[in-house]
Structures are given as structure tokens and as C-alpha cells.
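Worksheet: one structure, shown below.
The values are calculated or read from the model by the stated rules, or taken from the named source; none is laboratory data. Model, not experiment: these values are computed from the prediction. Here the Cβ positions follow ideal geometry from the backbone for every residue, glycine too, while neighbour counts run over all protein chains shown. Keep in mind that these areas ignore ligands, DNA and RNA; they rest on the heavy atoms of the full protein, side chains included. Shrake-Rupley method; radii C 1.70, N 1.55, O 1.52, S 1.80 Å.
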Amino acid sequence: MKHGQDAMTSRATPESKLIVTQSPFDAFVRKYGTIPRRGVFGYFVHELGRRIVSGDYPVGATLPNEPDLVEQFGISRTVIREAMKCLAGKGLVEIKTRVGTRVKERSNWHHLDTDVMVWYYETGPSVEIMRSIKDLRLALEPEATARAALRRTESDIAAISSAYEEMASTIGDVNSNADADLRFHTAIFAATHNMIYSQLIDLIAVGIYANRTLSGHEDIAEGQKRSLPLHKAILDAIIAQDADAAIKASRNLLDAWLARDYGF
């Protein structure tokens, strides 16, 4: 499996020693992330977050102190303090006066935070995190599809159908097809007409988006071909207002995705 970090490139910012990492997930973070990847603060938060999630700073470790970070990255103490507060807000670290900033146990991390989830992908997702995403998708998507089948409107059908047609017409175009795939599932969640449920797509969107980064082009294109009839079965079930068929079709799609990319 090709990890997102394989395609990442770096450059130095002109105003500091901070190395700016360009990632295949930059576009995703711009849309779904909580911390923009711009300016010294944004780049520093994402760099430090990746280092923590990857284990460069393992659980229980104390991060370098402010003077050391100032020297290493050439950034101000103010930026460092705000970044630490941000990471503490995501559950990654705890800040203690006269003790320092310590990496917390992973059970305390806010795994529903899209930045944290992206950092997992960028540093090479573990089997543990992939199994967790598998569980999440299996719990959410079939039920969302069933609700969409029972509650969809004509405009919902139009949105789902439009995304499907774009998927069908962009086989082999990695980015366009993946964007259409994400719109397909987003439209299904919106068709639940549950304002909270419809936003849960954000939690699994990174898994859908990551399909374009975890494999080679030929493998991705072949996967697009194989998954198209599975998506069509979901669309047909929603149009027919058949909740049982929608659940079955959704599970078939997820089983195929998990077996192809992750072997479980």
C-alpha cells in the first residue's frame, strides 16, 4: 500500500527555518480541516501534529521546550504557544507549568478531528486506524443509505445521480473520479434529511479522499471500474425507496473496498 507521505514534498518558508510540507491532502484540508495550511502558524501545527501522530514524539514524551523550538524552526514563542494550545485542544498533548508539554495517550486524541485523521494518512495509516475507519464506515454508511432511500426527494436523486454519472465518465481520471465519489456519498448523507447525520460524512470523507493516494494509478483505475456497478446498485435502491436493498448494496461496496485496499 502506498502511503500519502510517499508523494509529499517539502520547501522552506522564507521567513523561518520551518519546512513546509506539500501533501496530497492539502486540498482536503482546505475544505475539511480545522486549521488552514497557510502561514507559519498553520504549517507549524500540521508539522508538529504529523510528528506526534507518526510517533516521532511518542506517547508520554515531553516536547522540546520553547527556546529549543525557536532555535529549530526560527519562529516566535507566540506561534509556538498558540500551536501547543491548538494541539492540546485536539487532545494530543497536555501543557503543565514548569513541567512542559507532554504527548497524551492515544485514547485521549480527538480522532474525529479531520486534521488528526489526515495526519494518520500522511504518516502512513496503521492497521489499527484502518480497522477503526472500517468499523465507522460499516456502522454509518449502510444506515445512511437506508434512510436516504426512505426520505429522498427528487432533488436528492438528481444530486446522487449526477455524481454517479460523473464517476462513470471519469474512470481513469484519479482526482475527478475521487471527487465525484465523495460527492456521491455526501449527497446520500444529505438525503437522510437529518442535520446531524448529514454532517457525519466529514468523518469518513478522508477515507474516501485517500483512495487516490494509497495506490498506484493503474490499481486506482481498476478499482474505479469494479466499484461502479456497486455504486449503481446503491443508486437504484435509493430510487426504488428500498431500504433493505440499500443496506445490502452499501455493505457490498464497503466489503469490496476493504478487501481490495486493506485485506480485511
>> Test of understanding: among 259, 210, which residue is surrounded by fewer than 21 Cβ atoms within 10 Å (Cβ to Cβ) and at pLDDT below 85?
In response: 259
> residue 62: touching a Gly at 6+ places or on another chain (Cβ under 7 Å), modelled with pLDDT of 95 or more and open to solvent by 30 Å² or more (accessible area, probe 1.4 Å), yes or no?
Replying inline: yes
>> Checking the conditions here, which among 147, 151, 183 is open to solvent by 60 Å² or more (accessible area, probe 1.4 Å), within 27 Å of residue 46 (Cβ to Cβ) and of a type in the set (Lys, Arg)?
In response: 183
>> Residues to consider are 178, 163; find the one that is over 16 Å from the mean Cα position of the chain (by Cα) and not assigned by the TED database to the domain that holds residue 34.
In response: 163
> Which condition number in (1) in contact (Cβ under 8 Å) with a residue 60 or more places away in the chain; (2) under 26 Å from residue 27 (Cα atoms); (3) open to solvent by 10 Å² or more (accessible area, probe 1.4 Å); (4) not polar (S, T, N, Q) is the one that residue 85 fails?
Replying inline: (1)
> Among (1) loosely packed, with under 15 Cβ neighbours inside 10 Å; (2) within 30 Å of residue 219 (Cα to Cα), which single condition is residue 110 missing?
Replying inline: (2)
